[in-house]
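Below you will find the structure I want to go over with you.
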Amino acid sequence: MADDERKRIEDEKKRKQAETDRKRAEVRARLEEASKAKKAKKGFMTPDRKKKLRLLLRKKAAEELKKEQERKAAERRRIIEERCGKPKNVDDANEAELKKIIRQYYDRVYICEGQKWDLEREVRKRDYEIADLNSQVNDLRGKFMKPTLKKVSKYENKFAKLQKKAAEFNFRNQLKQVKKKEFTLEEEDKEKKPDWSKKGPEEKKVKEEEVEA
């Protein structure tokens, strides 16, 4: 009985090991297939194919842009013809025909100016009505339109004070320092006596004798 139990346990272990190996092999095979597919996708867009694709995209974009420009030009011509009419042939027209053409253009401009004035008046009227309704709604809600305030920096006054102090400091440094002696030189020179007054009485007496002789 013990041998049978041991054999059964070993068979169970072998079966589990075989099942585990089989699952690992399946997972490995799936991973290899995925990597191969990924490599195949990477290799699909070669540099030549990328270059051709870029050229095709540029060509397609240029064609679309050209079509859009043609469409806008046609729409512009259509609107001009509706508003201004088709151009008149004035090269082969005589004086009477020219007067008639000018009269037609004048009437057309007159009508357009009248329509323009009516539309501008209607726009101003609508703007006034909208502003009036907005003010009424704000009054009913108890809210008032806040005026737009100018942004002022809280450091502006401090900077102004610092600049003023710096200017005063520079002004004081630029002042010329004057010594007191510069103003006392002339007075001292005036107080000094001339050299001839410094001579003694003997020299004066000798000079007087020379003069008498």
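Could you check, for segment 145-160, whether at least one of its residues is in a helix (DSSP H, G or I), modelled with pLDDT of 70 or more and of a type outside the set (A, V, I, L, M)? Even if it seems obvious, please write down each step before you answer.
Within segment 145-160, the subset in a helix (DSSP H, G or I) is 156-160.
Filter again for modelled with pLDDT of 70 or more, leaving 160.
Checking which are of a type outside the set (A, V, I, L, M) leaves us with none.
So far as segment 145-160 goes, no, none of its residues is in a helix (DSSP H, G or I), modelled with pLDDT of 70 or more and of a type outside the set (A, V, I, L, M).
Continuing with this model, one more query. Check whether at least one residue in segment 63-73 is within 30 Å of TYR106 (Cα to Cα) and surrounded by 10 or more Cβ atoms within 10 Å (Cβ to Cβ), and report yes or no.
Among the residues of segment 63-73, at least one is within 30 Å of TYR106 (Cα to Cα) and surrounded by 10 or more Cβ atoms within 10 Å (Cβ to Cβ), which makes the answer yes.
Please go through segment 82-99 and give me each residue that is loosely packed, with under 11 Cβ neighbours inside 10 Å and either outside any helix (DSSP H, G or I) or not assigned by TED's automatic domain parsing to the domain that holds ILE111 (or both), ordered by number. Show your work before the answer.
Here is the first cut: in segment 82-99, the ones loosely packed, with under 11 Cβ neighbours inside 10 Å are 82-83, 86-87, 89-92, 94-96.
Passing the criteria: GLU82, ARG83, LYS86, PRO87, ASN89, VAL90, ASP91, ASP92, ASN94.
Are there any pairs with C-beta distances below 9 angstrom linking a residue in segment 95-122 that is on the phi < 0 side of the Ramachandran plot to a residue that is loosely packed, with under 10 Cβ neighbours inside 10 Å and in a helix (DSSP H, G or I), with the two at least 6 apart or on different chains, and if so which?
ARG108/ARG83; CYS112/ARG83
The values are calculated or read from the model by the stated rules, or taken from the named source; none is laboratory data. Just so it is clear, the model here is predicted, and its values are computed rather than measured. Glycine also receives a Cβ, built like all others from the backbone with ideal geometry; neighbour counts cover every protein chain displayed.
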